[in-house]
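Reading through the structure tokens given below for one structure.
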Amino acid sequence: MSIIVRFAPSPTGRLHIGNIRPALMNWLFAKKMADGKFMLRLDDTDQERSTEEYAQGIRDDLTWLGLNWDIEAKQSTRFDRYDAVVEQLKSMGRLYACYETADELERKRKRLLGRGKPPVYDRSGLNLSDSEKQAFEEQGRKPHWRFFLEDAQISWQDLIRGEQKIDASSISDPILIRADGSYLYTLPSVIDDIDFNITHVIRGEDHVTNSGAQIQIFYALGAKAPDMAHHNLLVGAQGEALSKRLGSLSIQSFREEGLEALAIASHSATIGTSHPIAPHKSITELVELFDFSKVSRAPARFDPDELRALNAKLLHETEYSQVAERLKGMGVQGEEDFWHLAKANINKLDEAKEWWQVISGPMIPQIENADFCHQAAEMLPAEPWDETTWKTWTQSVKEATGAKGKALFLPLRLAITGLGHGPELNKLLPLIGRDKVIARLAGKEI
Ligand code: GLU
């Protein structure tokens, strides 16, 4: 049997650092299993909040991260199918109409909690006579529909959490259809999982209880439930839930900030697991690493600065060939030598431009002592230059002027690069070249 998994976001917002994890886990699992397929399912039954713009944003983010999909489906195109299943469940007596308002339900909930009881729905909708229903309809109330859970222990072998047992009597019959006729994700998700032959459902542990109810829906529809894996969630620095409305944690904002897709993928694949949070050279390496047994049970704290640090580390380990095209696209003409020099001094790829500017110019030299710079310029060795040139040169400047340490190096750095910090000068010097170094030591903008 070939493996088919799905990532099922609602296109009601952009993907963020929390919900990219199930996307990545599903994708990595599909790639790890021979011939596995990855499906993108857009859960857009909430037609008021879902937009094509968000759907496109999700596609763009997945593509940028390298998470390509084999199948795409939109729930909004499948309402006929869902409606047919609803009729089936009604005729089986598994779906029943309820007329309570949100306030009434809340009062019932509070009453039960006040008596120290679990706030499980009392199934009063189930016992309504036809005339009682009619009376509600005449008041202008519309029914919402609940799935009748059989009183049984629901259990499954979770691929991350191990054996799971949920006593169905401890949860309320789930509402599948709201009073306005719209679907909650619960039923369409099961129908899609059946119709698209989904073999594994991999999602956050906030869905564990839903899974209990959904397993009964699979059975009611004569299907086998897929295997399930519920992963730990990411929380903020204070342990608070990450809401998908936190725009600053969106994949889009990290991309615009200039972080590498591979840094985000490396971080997402290792955070909350027993693997160290570390950069990985390719997504293939992440596939090799992927293992449900490594996912921790505790929530993992997400710190954006940890992601930024990992981005820098990744760049420091990146080969020129991996970024050559992007550097060229930014107007950086420096090649292999330049990259080796620049990469240790940047946190984001974009910053390579600044170092290229220092080399190619024009830049404004900072001259602290014109005589000293003039004297030093006179001593510059003839080309060709290599990495030893800096040492030979500064040695002679030191002998001639008596300057040493910072007093020797800093004025030269300020004149040659315009900056008080930066890549090693022994490597920088040959890339800038003799003519430019002489001009800059004379204070010329070049
Ligand atoms: N649309 C649901 C969500 O984003 C899907 C959950 C699932 O993977 O089944 O929570």
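Taken together, the values in this text are just the output of simple stated rules run on the coordinates, not laboratory data. Only a predicted model underlies this, so the values are computations on that prediction, with no experimental measurement involved. Neighbour counts run over all protein chains shown; Cβ positions are idealised from the backbone, glycine included.
A few comments on the model shown:
- Note, ³J(HN,Hα) from phi for the range 73-80, Karplus 6.51, -1.76, 1.60, rounded to Hz, x at Gly and Pro: 9, 10, 5, 5, 8, 10, 4, 4
- The gain in end-to-end length when the Q56 to K117 segment is fully stretched comes to 17.5 nm, 0.36 nm per residue minus the alpha carbon separation.
- Distant-in-sequence amide H partners of V201 (H built 1.01 Å from N, under 5 Å): D227, M228, A229
- For the range 142-220, the set of GluC sites (Glu not before Pro) satisfying both a DSSP loop assignment and a count of at most 15 other C-beta atoms within 10 Å is given as E150.
- Neighbour counting of Cβ atoms within 10 Å sorts the residues R59, R41, R6, R49, fewest neighbours leading, into R49, R59, R41, R6.
- Taking a ≥ b ≥ c as the square roots of the eigenvalues of the Cα gyration tensor, the range 150-224 is oblate, since a/c reaches 1.5 or more and a/b is not larger than b/c.
- Length added when fully stretched, V287-K224, from 0.36 nm per residue minus Cα-Cα: 19.9 nm
- Alpha-carbon centroids, the range 302-340 and the range 373-416: separation in whole Å: 30
- DSSP bridge orientation in the chain - percent antiparallel, rounded to nearest 5: 50
- Cα gyration tensor, the range 332-404 - rounded (a/c under 1.5), prolate or oblate: prolate
- Couplings 3J(HN,Hα) for the range 192-198, derived from phi with the Karplus relation 6.51 cos²θ - 1.76 cosθ + 1.60 (θ = phi - 60°), are 5, 4, 6, 5, 9, 6, 5 Hz, where x marks Gly and Pro.
- Packing here is the average count of other Cβ atoms within 10 Å per residue, and on that basis the peptides 32-39, 169-176, highest first, run 169-176, 32-39.
- Helical contribution to [θ] at 222 nm, DSSP H n ≥ 4, -39,500 (n - 2.57), averaged over the chain, rounded to 500: -13000 deg cm²/dmol
- Average Cα contact separation per residue, the range 298-442, under 8 Å, 6 or more apart, as relative contact order %: 27
- Close amide H contacts of I154 (hydrogens built in the peptide plane, cut-off under 5 Å, sequence separation of 5 or more or a different chain): I166, D167, A168.
- Structural descriptor for the chain: relative contact order 13 percent, calculated from alpha carbon pairs under 8 angstrom and at least 6 residues apart.
- Nonlocal amide H pairs with H16, under 5 Å, H built at 1.01 Å: I251
- Folded to 0 to 90 degrees: helix 320-329 orientation relative to the chain principal axis, Cα: 90
- Lysine pairs in the range 182-337 whose alpha-carbon atoms fall under 30 angstrom of each other, counting only those eight or more residues apart or on distinct chains, come to 9.
- For the peptides 7-18, 209-220, 138-149, the ranking by packing is 7-18, 209-220, 138-149, with the highest mean count of neighbouring Cβ atoms within 10 Å listed first.
- Rounded to whole Hz, the Karplus (6.51, -1.76, 1.60) HN-Hα couplings of the range 3-15, x for glycine and proline: 7, 10, 10, 9, 10, 10, x, 8, x, 10, x, 7, 5
- Relative exposure of E256, E100, judged by other C-beta atoms within 10 Å (fewest first): E256, E100
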